[in-house]
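Before any comments, here is the structure.
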């Protein structure tokens, strides 16, 4: 109601919602933002959101364009080039309808709406094209870069064993079936990630995660900068040893400078903690 201007009482209109709900139109007014104004805008008290139809904007001689991120309202004198138009949807009773059973393209070149190929056809053409990726296969078909391939959209689960064996760069590591750690705080794993695009409530952009190998319990700390890591780890280790009445024997981290520095080295020597580092490029 606060958006309406020149409000006039109106009776007799009804708005139907999904299901059996609905609401009555009680008044009409004008909505304007300084650039565009709309007359005879109905007010329904039961509606919780403001709705504006595309046909209302087109009645004001404006053009409307949608894409995946926004809706653009263009000036009345804007004209779309004919070679840009792919399909047409005529307006009927304030609704834009398109008939997919007939050809409605307006360009001279025929446009193919790709249908999904069967899993067997996808696997067959995947092998015929030299085990090319399905993303590249669809790119070739969509742009007509290869002859003889049916106009289909190929998709299938990534379970091609020759591709996995030939494209992998390293041999798989054998899984560790039994845990050799039998005491809490015997081994702590830790890692730091950031800076993240969305800061925490306190304005922190880095996050430190410490996990106990035995219990899999994790502690999470938010940091403003990386150089706070050593102080946070020292406080955490001392607190855990005092609370659990156990000793931290080993800690394991990567080779980042936030873990591999003189401050952490002196602390580990003083506490008798063995600091282990993961192998570069092969953390497994």
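So what's the angle, to the nearest 10 degrees on a 0 to 90 scale, between helix 119-128 and the longest Cα principal axis of the chain?
70
Multiplying the sequence separation of residue 166 and residue 193 by 0.36 nm and subtracting their Cα-Cα distance, what value in nm do you get?
Details: separation 27, 0.36 × 27 = 9.72 nm, distance 3.20 nm.
Computed gain between residue 166 and residue 193 is 6.5 nm.
Could you state the angle between the C-alpha long axis of helix 229-244 and the longest principal axis of the C-alpha atoms of the chain, as a value from 0 to 90 degrees rounded to the nearest 10?
With rounding to tens, the tilt is 70 degrees.
For the chain, take the longest principal axis of its alpha carbons; what is the angle in degrees between that and the long axis of helix 262-271, to the nearest 10 within 0 to 90?
Result, in degrees: 50.
I want the antiparallel fraction of DSSP beta bridges within the chain, as a percent rounded to 5.
On the way: 31 of 40 bridges.
Expressed as a percentage, antiparallel bridges in the chain total about 80.
How long is region 5-80 along each principal axis, judged by its Cα atoms, biggest number first, in Å?
40, 31, 17
Mind pulling up the Rg/Rh value for region 128-284? Radius of gyration and Kirkwood radius, both on Cα. Walk me through the numbers before you get to the answer.
On the way: Rg = 23.4 Å, Rh = 19.7 Å.
Rg divided by Rh gives 1.19.
Every number in this text was worked out from the coordinates using simple rules, so none of it is lab data. As the structure is a computational prediction, the values presented were derived from the model and not from experiment.
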